[in-house]
Every structure is written in structure tokens, then in C-alpha cells.
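Presented below is the structure to which this report refers.
Every number here is computed from the coordinates shown, using simple stated rules; none is lab data. These figures come from a predicted structure and were not determined experimentally. Methodologically, a virtual Cβ is constructed for each residue, glycine included, from the backbone with ideal geometry; neighbour enumeration extends over all protein chains shown.
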Amino acid sequence: MNTVQSYKLAVVTYKVLHRHAPQYLGPLIRVDDQPTRRTLHSTKSNRLVELPVKLDSWQPSILFAAPHIWNRLPTDVTSANSLPTFQRLLNIF
């Protein structure tokens, strides 16, 4: 996947997570809520569930590519409070 495709998929993922994308995309991206001993707001994960790739069946690539790209971004990028801020930080990264 090239840089432009990764950028676009990261932006779509941000929009899905912040409910600014079409509703049908929502179920395709799942947040990985890792259990901890104590549930604190500060420990909440913004990582996505990465599914194993099954080459023998057709599945939307967003299921596999979006979490892979998202989870490799720095936390300060993925925790941006607005889309313009996210895009600016993503361009720097």
C-alpha cells in the first residue's frame, strides 16, 4: 500500500471512530479494549483490533489494512481532537 492510500485510509478510520463517516463502515472497525486491573479513563486504548488475513476468502480490505495502519501511528496523532489537527499531524508523521 502506498503512502497516499495509507493516508486516505487513516483519515477514513479517524472519521469512522469519530462518527463522521457513513454508518455502514462502523462495524468494520473495532476498538481493542484491553482489560486492565483498574479501569481508568487514562488507560483507555485507542488501538484497533487487527484480524488475521485469510487469503482464501474475500473480505473488505478495511478490516485488515485500517487497524494495521492505525496501530502504527503515534498516540499523539491518533488522539487528535479534530480532523484538521489529525490531518496536520498525519502529514508531519
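For this structure, a couple of remarks:
- Between Leu48 and Asp32, Asn71, the built amide H atoms are under 5 Å apart, and every one of these is 5 or more places off in sequence or on another chain.
- Per-residue HN-Hα couplings for segment 71-77 [Karplus 6.51, -1.76, 1.60; θ = phi - 60°; Hz; x = Gly/Pro]: 5, 9, 7, x, 4, 5, 6
- Between Arg47 and Asn91, the FRET efficiency estimated from the beta carbon spacing at R0 = 22 angstrom works out to 0.50.
- Each peptide in 83-90, 16-23 receives the mean, over its residues, of other Cβ atoms within 10 Å, and ordering these scores from highest gives 83-90, 16-23.
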